[in-house]
Amino acid sequence: MEAYFYEDIYSYETTHWWYVVRRRLVHILLKKYLSGSRPFTILDIGCGGGKLNEELRPYGNVTGIDPSPEAVRFCQSRGL
């Protein structure tokens, strides 16, 4: 992916319907299939700007990976 797309992802992933609905679905699935003991160990592959990674923290230990140095920088700016 082109480096400049990561800035768009970072700025849109908190409000754009696609990212909002996708995160909501992830929460629904986690609550449905992983109810019970916590904390979980979660790997967020292709974490992009890091918003999902940030929201998964209440479920346990989250590690986000992305091959793009730009994506990693945006995650770091979120404190991830």
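The values are calculated or read from the model by the stated rules, or taken from the named source; none is laboratory data. Everything quoted here is computed from the prediction, not taken from an experiment. Ideal geometry is used to build each Cβ from the backbone, glycine not excepted, and the neighbour counts take in all protein chains shown. Protein only, heavy atoms only, side chains kept; ligands, DNA and RNA dropped before computing areas. Shrake-Rupley method; radii C 1.70, N 1.55, O 1.52, S 1.80 Å.
Collect the residues in the range 10-53 that are of a type in the set (K, R) and touching a residue at least 12 places away in the same chain (Cβ under 8 Å), keeping them in residue-number order.
Those that are of a type in the set (K, R) and touching a residue at least 12 places away in the same chain (Cβ under 8 Å): R22, R23, R38, K51.
All conditions but one from (1) surrounded by 14 or more Cβ atoms within 10 Å (Cβ to Cβ); (2) over 15 Å from L80 (Cβ atoms); (3) in contact (Cβ under 8 Å) with a residue 60 or more places away in the chain; (4) not basic (K, R) apply to E7; the one that does not is (1).
Tell me, yes or no, whether the range 20-36 has at least one residue that is in a strand (DSSP E or B) and either modelled with pLDDT under 90 or closer than 23 Å to S77 by Cβ (or both). No; the residues of the range 20-36 include none that is in a strand (DSSP E or B) and either modelled with pLDDT under 90 or closer than 23 Å to S77 by Cβ (or both). Restricting the range 1-19 to residues that are assigned to a helix (DSSP H, G or I) and hydrophobic (A, V, I, L, M, F, W, C) leaves a set whose member that is nearest to C75 (Cα to Cα) is I9.
Looking only at the range 23-36, how many residues end up being open to solvent by less than 30 Å² (accessible area, probe 1.4 Å) and of a type in the set (F, W, Y)?
The first filter runs over the range 23-36 and keeps only residues open to solvent by less than 30 Å² (accessible area, probe 1.4 Å), leaving 23.
Those still in the list that are of a type in the set (F, W, Y) too: none.
Total satisfying the criteria: 0.
So is D66 under 20 Å from Y4 (Cα atoms) and modelled with pLDDT of 90 or more or not?
For D66, the condition - under 20 Å from Y4 (Cα atoms) and modelled with pLDDT of 90 or more - is met.
Just checking, how many residues over the range 37-80 are part of a loop (DSSP other than H, G, I, E, B), open to solvent by 60 Å² or more (accessible area, probe 1.4 Å) and either within 14 Å of E13 (Cβ to Cβ) or of a type outside the set (S, T, N, Q) (or both)?
Step one: list which residues in the range 37-80 are part of a loop (DSSP other than H, G, I, E, B), which gives 37-39, 46-50, 66-68, 78-80.
Now drop any that are not open to solvent by 60 Å² or more (accessible area, probe 1.4 Å), which leaves 37-39, 67.
Still in the running and either within 14 Å of E13 (Cβ to Cβ) or of a type outside the set (S, T, N, Q) (or both): 38-39, 67.
The qualifying residues number 3.
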